[in-house]
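First up is the structure itself, then whatever we jot down about it.
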Amino acid sequence: MSETAASPPPVPGAPRRHRLRSSLLTILGIVLVVVLTLAAYLWLAPAGIANASPDSQPARSYEEALERFDAIAGRQAADPSLMPDCHNRLSEHGRSTDTVIVLFHGYTNCPAQSHELADELTDLGYTVYVPLMPHHGEVDREHSTLDKLTSEQLVRYGNDAVDLAAGLGDHVVVMGLSGGGTVAAYLAQFRDDVDLAVPMAAFLGLASVPDWLASPLVNLAGLLPPIGLGESADSAAGSGVYAPYASFDNNTRAAAAYMRLARTVLADAARTPHRARHTIVVINQADDTVNVSMLDTLESRWEALAPDASTGYRFDASLGLPHDLIGPDRVDQRIDTVYPVLLDLLQSP
């Protein structure tokens, strides 16, 4: 009679450890897929806006342009959330002029930033229009609505400003600082009724963010809730670098709105000449706020496809100029150096 060897007794807990190992591997696999999918989205998804083409409706006369300005002024006057100094400003001569200049203020700033430059330009015979950006110029400087700013709003804002300006003068010049420079760059790239565009220290990207990381950062900002990056009123008071009308608020959503518009401009500039008749990219080589490399890229792309209509100007780093080149209400301002250069550039094309 043969004997059968006895089976070894089961190891206590073995099936449970096997199930636990399988579960952990499954979870790790899911996490890996999610991480890879997120990374692919951040790097590969388009960071620009879907439709940047202007929906333009230029004012057909001087009177129509004034009616549009008065309508905006009425809405702003009735809005208690806005600082009066930050309302749209129009300096004109009672008639249409040869040239009208649209001045776009910077991110977290308002039209008051440009009041001294606008006065000098008006004295030279230009009509000057300084429009307030959406969600800027609010009374509550610490808790603004900047987190609601979108690239599409910036596009509409820029196009509306040029449409109004078209009735104020025969030739339209757009100038903008920082975030306003981004808007000016967009208008240069996409509107053929702009005679001259002068983006100054344009906010195409952050100085602390390398070029290759800009698009992923913009896409990430769109997925996350707004993250506040500003200062409190107490910590900002007395610093001398905040104008009395500038917002202390700053957040990832608002910054991404400018950067997304910039990605749109840079992408189109790589394949299509700018539509403006002439462009001048103004770069502050001492700028520690915006990405100077991206400004170099924009200038080189414009010059490559429209060499006879594209130039640049650089303020040397040795000057130590602040990012805000034009606002007169900062302790570190050097408008005595900057303004004469800007006025000369307007005569150069």
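Each reported figure results from applying straightforward, stated rules to the coordinates on display, with no laboratory input. None of these values were measured; they are calculated from a predicted model. No Cβ is skipped: glycine too gets one built from the backbone with ideal geometry, and neighbour counts run over all protein chains shown.
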Fill in the blank from the handout: Across region 67-117, the tally of residues that are surrounded by fewer than 17 Cβ atoms within 10 Å (Cβ to Cβ) and more than 25 Å from the chain's Cα centre (by Cα) stands at 12
Exercise for the section: Tell me, please, whether a residue that is surrounded by fewer than 24 Cβ atoms within 10 Å (Cβ to Cβ) and not aliphatic (A, V, I, L, M) can be found in region 184-191. Expected result: yes
Handout entry: Segments classed as helices (runs of 4 or more DSSP H), wholly inside region 239-349, with at least 2 members that are surrounded by 23 or more Cβ atoms within 10 Å (Cβ to Cβ) and of a type in the set (A, V, I, L, M, F, W, C)
Key = 252-269, 292-305
Fill in the blank from the handout: Log entry, pairs with first residue in region 260-275 being farther than 16 Å from N159 by Cβ, second being aromatic (F, W, Y) and not in a loop (DSSP other than H, G, I, E, B), beta carbons closer than 8 Å, six or more apart or on different chains, reads A269/W302; P273/W302
Practice task
Check whether at least one residue in region 304-327 is free of Cβ contacts under 8 Å to residues at least 24 places away in the same chain, touching a Gly at 6+ places or on another chain (Cβ under 9 Å) and under 26 Å from N159 (Cα atoms), and report yes or no.
Solution key: no
Completion exercise
Out of (1) over 22 Å from the mean Cα position of the chain (by Cα); (2) over 29 Å from H171 (Cβ atoms), the one R330 does not meet is (1)
